[in-house]
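The values are calculated or read from the model by the stated rules, or taken from the named source; none is laboratory data. Just so it is clear, the structure is predicted and the values come from calculations on it, not from any experiment. Every residue, glycine as well, gets a Cβ built from its backbone with ideal geometry; the counts of neighbours run over all protein chains shown.
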Amino acid sequence: MQSKNRKAPTQLAGLKSVTWLVIMLLQFSLVVGCNSTQVSTTLPPVPTVAESNEQSETSFGFIFEYGTCSTNVLDTFKAEYIQDRSIYEPSITISLALSVEQMKEIRQKTYAIGLPQYPAVYVIPTPLDGAMSKITPAPHYKLTVVDGETITTVSWVDDITQPTAPEADRLRELFEMIVKMIDEHPDFKKLPKLPFGCA
């Protein structure tokens with residue numbers, strides 16, 4: 001009987017130890033769970049649609065090459081304009097930056113006309129009978145647009161006056177818009193006049 005009485009306290013002590021261990025494990029899991037919740041709330045917030053649009057606009061830029069007998073270049077990434085003075089004079093390079101509003105207007109226009117859907121080399125579709133009116137020398141254009149991770153390049157020699165096409169008219173509107181912005185820029189107006197026409 002005495003031996004049984006000695007074992008009972010030992011078993012009771014073991015049960016208390018197991019119970020205490022279970023309680024400690026539960027407390028530890030609760031602490032870890034709370035800590036993980038706190039960590040997740042410190043993650044940066046997801047950008048809103050407006051913030052995403054703003055980031056896209058800041059990454060928008062283009063290189064525009066155009067001319068008739070020469071090729072002028074506006075590079076908005078460098079805020080630089082190169083005027084081709086034909087074969088008679090060396091070209092002139094100046095600083096020229098379009099305004100934020102002008103860049104937004106051009107970006108919106110590229111979306112409005114669906115520029116990314118144009119082929120890399122655009123040509124007006126000609127009628128089956130081959131009847132058309134052409135001009136020479138003809139204005140030529142090359143526009144390379146970078147908008148975020150999207151790069152679009154469209155080249156065009158606008159030598160066909162008739163027949164025309166809606167896609168051609170929309171492309172002319174975009175190019176004429178950019179050329180007008182360049183021509184009206186104060187820095188462009190400081191350039192010396194070109195003394196010669198086409199050679």
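Structural remarks
- Boolean, TYR81 is crowded, with 16+ Cβ neighbours inside 10 Å and either at positive phi or more than 18 Å from the chain's Cα centre (by Cα) (or both): yes
- LEU96 vs. criteria more than 21 Å from SER155 (Cα to Cα), in contact with a Phe, Trp or Tyr (Cβ under 8 Å, 6 or more places away or on another chain) and either surrounded by 15 or more Cβ atoms within 10 Å (Cβ to Cβ) or modelled with pLDDT under 95 (or both): yes
- Screening THR161 on (1) in a strand (DSSP E or B); (2) under 28 Å from ILE92 (Cα atoms); (3) at pLDDT below 95 shows it passes everything except condition (2).
- Residues that are modelled with pLDDT of 95 or more and at positive phi, drawn from segment 113-155: GLY114
- Condition check for LYS189: farther than 23 Å from SER70 by Cα and basic (Lys, Arg): no
- Pairs where the first residue, in segment 169-194, is surrounded by 13 or more Cβ atoms within 10 Å (Cβ to Cβ) and the second is of a type in the set (Lys, Arg) and assigned to a loop (DSSP other than H, G, I, E, B), C-beta under 6 Å, 6+ apart: none
- The sole residue among THR93, THR164, THR152, THR144 that is touching a Leu at 6+ places or on another chain (Cβ under 6 Å), assigned by TED's automatic domain parsing to the domain that holds GLU184 and of a type in the set (S, T, N, Q) is THR152.
- Residue list for segment 90-122, filter: assigned to a loop (DSSP other than H, G, I, E, B), farther than 14 Å from VAL145 by Cβ and free of Cβ contacts under 8 Å to residues at least 60 places away in the same chain: PRO90, SER91, ALA97, SER99, PRO119
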